[in-house]
Amino acid sequence: MKINWKIISISTLLLHLHAAAAPHQEKEHRKDAFSSAAQKSDSLISAKAELINGRWFINGKYRPVLKTSMTKTNFLEIMNVSNKESLFIVIPKLEYNIIAKNKILLNEKIALSEGTSGKSIVWVEPKSSLTISFINDLANTPLQAIVSITRNNKDIIAIFGPDQGKGFTLPGNTSNDQVSVPDYSDLNIKKLNIPQSVGNPVTINPKEKNYLLVGQGKYEILSLPKYQHLVFSEPVYIEKRKNILGGYGYWTKETILYPGESLSFITSAKNNLRKRDD
């Protein structure tokens, strides 16, 4: 999917942000935006994305406001719970790291600077999640946005910023000793070793409904002119699926193949592949 994207100017972005945030600021922030890890040293914010009537809703609401910490490392998990729709996003003017996909650490985190984040499209495929980490201490722009991207449209689907108890106001300077060291132990994120596989991949007939996979094996599923819903009993490693952030170097137990799309993957242990018709 080729998308032409121009960076959003910060003035235009802030205009949209404040206009969108106004209806929310008088409401109490929803506690369900946080997991139990938020009660510990670092905050985990959950953002479940679903396409409803042509618009992306986050946690069941259109363009909600999510609270972040101004003094600790924030972890945001963006989950695409849609059945077939891909979510393409940018988070402009924010320095952040993509650290995990599907609750499994990437072999190398993907670091985005404040200058490049608005031009870097991130793919959140159906039935998957991405976890990012960031410090939200920007004195000039306390509100940030998650922007969805399509061929012909861009839309702010969620707003987030520091929680100070009385709504969103400009934060003060955050000293280095206030920023906690990232700790993934509270986030239920695993680390798996990338399997080494040699030889040519074993080709799986796409019409097979169930398939037993051996450990340390490389496989390829051929394309079909329809969607393929794949479910694995154990995570498999995807070396490269798309040349876009979130599309390579990750683990998954469930994925949707689009019509005409094939897939190569590596197993780390014995595994069962099951295909669903949906």
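A few comments on the model shown:
- Subset of K127/K218; K101/K191; K101/K240; K191/K242 violating a 18 Å alpha-carbon distance limit: K127/K218; K191/K242
- Counting other Cβ atoms within 10 Å as a rough exposure proxy, the listed residues F75, F134 run F134, F75 from fewest neighbours to most.
- Those trypsin sites (Lys or Arg not before Pro) in the stretch 63-158 that DSSP places in a loop and that have at most 13 other beta carbons within 10 Å: K84, R151
- For D137, D186, D277, the sequence from fewest to most other C-beta atoms within 10 Å is D277, D186, D137.
- Note, ³J(HN,Hα) from phi for the stretch 225-241, Karplus 6.51, -1.76, 1.60, rounded to Hz, x at Gly and Pro: x, 8, 5, 10, 9, 10, 10, 10, 6, 9, x, 10, 9, 9, 5, 7, 10
- Distance between modelled label sites at V81 and K226, nm, 7 Å Cα→Cβ extension: 2.7 nm
- log10 of Debye I(q)/I(0), alpha-carbon scatterers only, for the stretch 202-276 at 0.17, 0.27 Å⁻¹: -0.58, -1.50
- Converting phi to 3J(HN,Hα) with the Karplus coefficients 6.51, -1.76 and 1.60 and the offset θ = phi - 60°, the stretch 90-101 yields 9, 10, x, 6, 9, 7, 8, 10, 8, 10, 8, 10 Hz in sequence order, with x at every glycine or proline.
- Among residues other than Q144 with Cβ under 11 Å from its Cβ, the summed charge is -1 (Lys and Arg +1, Asp and Glu -1).
Values in this text are rule-based calculations from the coordinates and carry no lab data. This is a predicted model, so every value here is computed, not measured. Neighbour counts run over all protein chains shown; Cβ positions are idealised from the backbone, glycine included.
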